[in-house]
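Right, one structure below, let's go through it.
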Amino acid sequence: MVAGAALRLYGLGDECYWIDETHMVRLAQQDVGAILGREDLPPLFLLIARLWVSLFGVGEAATRLLPALFGIACLPLMYLL
């Protein structure tokens, strides 16, 4: 678990945004109605990302930390499988 977390968190804010990350940050800054009105993306992650961005900002490390935490949380589940 520690090794998996270290690998996910190492160099989190070193690189510039990729295009999909830019798209996620732009969508996460929209209001709740716009997020819920989208039919092409599931809204739960975007709603959580909206809260995350409002708390921690839109820096590379801050916005990449949320998916990294989800990945770290999945490690025990993958171990059980």
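The values are calculated or read from the model by the stated rules, or taken from the named source; none is laboratory data. Quantities reported herein were computed from a predicted structural model and do not represent experimental measurements. Ideal geometry is used to build each Cβ from the backbone, glycine not excepted, and the neighbour counts take in all protein chains shown. Please note that ligands, DNA and RNA were not included when accessible areas were found on the heavy atoms of the full protein model with its side chains. Shrake-Rupley method; radii C 1.70, N 1.55, O 1.52, S 1.80 Å.
Among the residues of segment 67-81, those identified as open to solvent by 40 Å² or more (accessible area, probe 1.4 Å) and within 22 Å of Cys16 (Cα to Cα) are Pro67, Leu69, Phe70. Scanning segment 26-66 for residues that are exposed (fewer than 15 other Cβ atoms within 10 Å of the Cβ) and within 9 Å of the chain's Cα centre (by Cα) yields a single hit, Ile48. Each residue in segment 1-25 was checked for being more than 28 Å from Tyr79 (Cβ to Cβ) and surrounded by 10 or more Cβ atoms within 10 Å (Cβ to Cβ), and 6 pass.
The set of residues from segment 14-55 being part of a loop (DSSP other than H, G, I, E, B), more than 15 Å from Pro67 (Cβ to Cβ) and not charged (D, E, K, R) comprises Cys16, Gln29, Gln30. Which pairs do you get when a residue that is free of Cβ contacts under 8 Å to residues at least 12 places away in the same chain, found in segment 28-39, comes within reach of a residue that is assigned to a helix (DSSP H, G or I), reach meaning Cβ atoms under 6 angstrom, with the pair 6+ apart or on two chains? Qualifying pairs under 6 Å: Leu36/Pro43.
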